[in-house]
Every structure is written in structure tokens, then in C-alpha cells.
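Below you'll find the structure, written out as C-alpha cells, and then a few comments.
The values are calculated or read from the model by the stated rules, or taken from the named source; none is laboratory data. Owing to the predicted nature of the structure, the values given are computational and were not obtained by experimental measurement. Positions of Cβ are backbone-derived with ideal geometry, glycine not excepted, and every protein chain shown enters the neighbour counts.
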Amino acid sequence: MQRYGQMVAAAFTLFLCSAAASAQEWWQFRGPGGLGISADKNLPAEWSAKKNIVWKTKLPGPGASSPMTVAGRVFVTCYSGYGVQAKEPGKQTDLRRHLVCVDRKDGVMRWTKDFEPSLPEHNYGGEGSYHGYAASTPASDGERLFVFFGKSGVFCFDLDGKQLWHAAVGKNTNGWGSGASPLLYKDLVVINASVESGALIAFDKLTGKEVWRAPKMGSAWNTPLLVTTPEKTTELVVSVQDRVVGLDPDTGKDLWTAEGIHRYVCPSVVAHDGIVYVTGGDSATTAIKTGGRGDVTKSHVLWRIKKGSNTPSPIYHDGYLYYANTNGGTVVCLNAATGETVFNERLMPNAGTIYSSPVLADGKLYYVSQRNGAFVLAVGPKFQLLAHNVFDDDKSRTNASPAVSNGQLLLRTDENLYCIGKRE
């Protein structure tokens with residue numbers, strides 16, 4: 001009996017250590033589970049160029065990818081040489097992409113990797129293209145780093161920057177570029193290559209060898225999500241034009257499909273208790289119970305409303321669904337059980353365009369606008385603006401979603417990477 005108690009105590013200690021570690025790391029787009037939620041506490045509500053800035057690092061170029069953290073490092077991607085200025089984009093032959101490694105503690109740049117693109121790329125012209133050529137957030141398993149650069153392919157590195165493999169995903173481009181981020185599952189790296197080849201592709205994370213391919217994926221710029229069903233199985237769920245698809249993550253086989261967003265899709269889905277919440281195209285938001293088979297539109301769709309978020313992904317928390325409208329600077333709270341609107345409020349001063357997805361930590365929702373700063377709201381069914389924060393000395397765009405790490409925010413603009421909060 002004493003031995004059993006010791007084993008339980010050891011297992012509980014291991015669980016606490018693992019939970020603490022996961023709370024401190026942000027290994028992929030939208031953090032643990034891809035849901036945009038952190039367990040960290042004591043995050044700041046207010047900051048400026050001179051307040052609550054732990055460190056600031058100049059980046060080699062712009063990008064819409066988010067920072068991510070692993071093993072005392074921060075990784076982020078950038079681009080330069082082409083498409084930096086809308087009026088004078090330059091020549092595609094000058095385009096370069098960059099993978100940047102920064103010391104998590106002090107912001108000192110440890111190393112960079114430069115990449116020549118596979119050309120031609122999409123032209124830098126028209127609003128849809130202005131997010132540029134570094135929109136995919138890297139992902140890590142704690143030992144390796146996986147980076148996706150659209151038609152230039154998927155790269156695997158060790159954490160010191162040594163390339164381990166490279167794999168192609170297709171040669172196609174779209175006028176709106178490429179935007180999905182890698183997703184890790186067991187020994188697989190899953191890539192939404194709907195732009196490049198109209199497919200989801202899973203690679204062996206150790207070798208880069210293709211394991212499975214799911215075709216007929218069109219007009220989707222989001223990252224798939226792993227969801228635990230009511231039956232406690234795991235499904236891979238992705239929103240593509242016209243439909244939401246549930247797949248077997250081990251084989252890529254279709255399990256179910258439901259009516260989706262009848263336009264292109266940028267937001268990633270979120271999930272809670274086996275229900276996925278899908279939005280996109282300013283046209284619809286819907287809730288779907290997972291675990292079905294075949295066309296589940298009539299049997300598993302719980303509700304559907306005719307409004308939604310065009311670009312930012314939503315947040316689920318405590319019975320409510322939160323999202324931001326891309327244009328107009330409004331934020332919305334829905335009752336997750338019914339789809340009924342709880343509030344629909346305009347951020348003031350006017351937020352303008354919002355491309356980045358929000359994060360939730362320490363009871364606060366962080367919405368970052370493209371050019372008018374960051375807005376911090378209290379989470380809950382009552383609209384409550386806590387702070388509006390701007391960098392007076394940095395007027396560049398912010399298309400990237402923030403990351404949460406060790407009670408601090410990591411936020412990148414087109415010019416700089418910031419660590420916001422109290423010093424460790």
C-alpha cells in the first residue's frame with residue numbers, strides 16, 4: 001500500500017511538472033492544443049515603448065508568423081528583398097526568407113537561416129497578398145523545429161539550426177499567398193497544402209517521407225486541429241471551402257464531413273468537449289459535434305448563424321465563443337451552446353483591421369490590430385476594455401498573433417520582436 005502511494009505521488013508530481021512545462025512553452029501556432037489559451041498568470045494588461053518591455057529585438061524583415069518558444073529559445077520567420085513596400089515591391093528574384101532564433105531570456109539573436117524561394121511566388125499586389133511571404137508559424141516537438149514556406153516546402157531543423165530534411169508539398173500558388181502552420185501528431189508533421197497541391201499531407205517527422213495525403217482540400221489558409229471526440233478517439237479537423245472535414249490522423253482517411261464556410265477559409269477551428277467551432281468569410285459560424293461518420297450536416301450540426309470572422313481564429317472559454325471581425329474593429333461574444341450573440345462591440349479608439357488571432361491568458365483576451373495597437377479585454381460575457389496599448393516608436397504593421405511564455409507576452413511587428421511583462 002505504501003509502495004502504491006509512492007507511485008501515485010510520483011505520477012502526480014510528474015503530471016504537475018509536465019503541466020508547468022507546457023504552460024511555459026508555446027510550441028506551435030496558437031500554443032498548447034492550438035486553442036490560443038495559456039495557463040500562465042500575472043500577465044500585464046498595459047504596456048508601451050517604455051513600460052513593461054523586458055527586451056526588444058530588431059528583425060531582419062516583416063512577417064505574419066507568430067513567435068514560438070522551446071528550450072529557452074524564441075523562433076520566428078521573416079522575409080526581405082521583395083514585397084516589403086506595396087508601392088515599390090521590387091523583384092521576386094531578390095526575395096529571401098529567414099528563420100530567426102532569439103535567446104528567450106534577453107532577446108539576443110543566436111542565429112539566423114536564410115532561404116532562397118522556389119519561384120515564381122505570388123505577386124505582392126492586392127490586399128490579400130500584403131501579409132507577405134512568412135505567414136506560417138514554426139512548430140516543435142521539443143527536439144526538432146518544423147518550418148513551412150509554401151511552395152518552397154517543409155524544412156526540419158534541430159534546435160541549433162542544422163537542417164535535417166526538406167520535403168516538397170506542391171508547386172501551385174495563390175494570389176493570397178500561403179498561411180497554414182505545421183501540426184504535430186505522434187511521429188507525423190501535418191501540413192495544410194491546399195494552396196500548393198489541394199491536399200493535407202502528413203510527413204514522417206524523423207525522415208520527411210510522405211506517410212499519407214488527403215486530397216480535395218480547397219481554399220483554406222488555416223491550421224488543422226486535433227480534437228478528442230465524445231467517444232475519446234482523436235480526429236483531425238480542418239475547415240475548407242464549403243465543408244468541415246474530420247479525418248483519421250493516422251491515415252488521412254475521411255471520417256465525416258459537414259456544411260462549412262461557403263468562401264475561402266482563414267480561421268482555424270477550436271474545440272471543447274468534442275464540439276468544434278468553425279467560423280470564416282464574414283458569412284457563418286457553426287458548432288459541430290465530432291465523432292460522426294459520413295455527411296453529418298443534419299445529425300451533428302448543433303447550430304449555425306450567418307455571421308463570422310473573416311481572418312482571426314476564435315477562442316472558446318467557459319461556455320462562450322469569442323472572435324474579432326477583420327474589418328471594422330469589432331469583437332463578438334457568442335453563447336457557445338446556442339450561437340446567440342452576447343455582445344458585439346466596436347473597439348475604441350478604432351482598431352481598424354485585425355488579421356491576428358486573439359489569445360487568452362490570466363483572465364484577459366488580447367486582440368492585436370494591424371496598425372492601431374493591442375486591445376486587452378476581460379474575459380466574460382460582459383464587454384470590458386481593460387487597456388489599449390501602442391508602441392509610439394514602432395509604426396509598422398502587426399499581422400501576427402501573440403504568444404504567451406512564462407507570464408510574458410511575445411509579440412512581433414513587421415520591425416521588432418517584443419517580450420512584454422515583468423522580468424523573470
For segment 175-224, the count of residues that are among the aromatic types (Phe, Trp, Tyr), at pLDDT 95 or above and either in contact with a Ser or Thr (Cβ under 6 Å, 6 or more places away or on another chain) or crowded, with 19+ Cβ neighbours inside 10 Å (or both) equals 3
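In segment 90-103, how many residues are over 30 Å from Ile420 (Cα atoms) and touching a Ser or Thr at 6+ places or on another chain (Cβ under 9 Å)? Give the steps one after another, and end with the answer.
Going through segment 90-103, the residues over 30 Å from Ile420 (Cα atoms) turn out to be 90-95.
Adding the requirement that they be touching a Ser or Thr at 6+ places or on another chain (Cβ under 9 Å) leaves 94-95.
Of the residues in that region, 2 qualify.
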Strands (runs of 3 or more DSSP E) (entirely within segment 218-297) containing at least 1 residues that are charged (D, E, K, R): 234-240, 243-247, 254-259, 284-289
For segment 142-158: of the residues being farther than 22 Å from Val195 by Cβ and either charged (D, E, K, R) or without any contact (Cβ under 8 Å) to a residue 60 or more places away in the chain (or both), which is surrounded by the most Cβ atoms within 10 Å (Cβ to Cβ)? Phe157
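Every residue, every condition in (1) of a type in the set (Ser, Thr, Tyr); (2) closer than 17 Å to Pro44 by Cβ; (3) modelled with pLDDT of 95 or more; (4) not in a strand (DSSP E or B), yes or no:
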site	(1), (2), (3), (4)
Asn372	no, no, yes, yes
Ala387	no, yes, yes, no
Phe391	no, yes, yes, yes
Leu410	no, yes, yes, no
Arg423	no, yes, no, yes
Taking segment 118-128 only, how many residues are part of a loop (DSSP other than H, G, I, E, B) and surrounded by fewer than 17 Cβ atoms within 10 Å (Cβ to Cβ)? 6
Which numbered condition trips up Asp114, out of (1) of a type outside the set (Ser, Thr, Tyr); (2) outside any strand (DSSP E or B); (3) farther than 22 Å from Phe29 by Cβ; (4) out of contact with any Ser or Thr (no Cβ under 7 Å at 6 or more places or on another chain)? (2)
Result of the Cβ filter at 8 Å on segment 119-139, keeping first residues that are without any contact (Cβ under 8 Å) to a residue 40 or more places away in the chain and partners that are buried (at least 21 other Cβ atoms within 10 Å of the Cβ), at least 6 apart or interchain, is Leu119/Leu95
Residue ID - farthest from the chain's Cα centre (by Cα), chosen from residues in segment 377-424 that are over 16 Å from Gly107 (Cβ atoms), β-branched (Val, Ile, Thr) and surrounded by fewer than 23 Cβ atoms within 10 Å (Cβ to Cβ): Val390
Hey, any hits in segment 310-333 for a residue that's of a type outside the set (D, E, K, R), in contact with a Lys or Arg (Cβ under 7 Å, 6 or more places away or on another chain), farther than 21 Å from Val227 by Cα and surrounded by 19 or more Cβ atoms within 10 Å (Cβ to Cβ)? yes
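Inspect all residues belonging to segment 104-117 and state whether any of them is closer than 23 Å to Ile420 by Cα, touching a strand residue (DSSP E or B) at 6+ places or on another chain (Cβ under 8 Å), surrounded by 14 or more Cβ atoms within 10 Å (Cβ to Cβ) and acidic (Asp, Glu).
Within segment 104-117 (the criterion being closer than 23 Å to Ile420 by Cα, touching a strand residue (DSSP E or B) at 6+ places or on another chain (Cβ under 8 Å), surrounded by 14 or more Cβ atoms within 10 Å (Cβ to Cβ) and acidic (Asp, Glu)), the answer is no, since none of the residues qualifies.
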Just name the residue that is surrounded by the fewest Cβ atoms within 10 Å (Cβ to Cβ) out of those in segment 73-103 that are among the hydrophobic types (A, V, I, L, M, F, W, C) and touching a Lys or Arg at 6+ places or on another chain (Cβ under 9 Å). Cys101
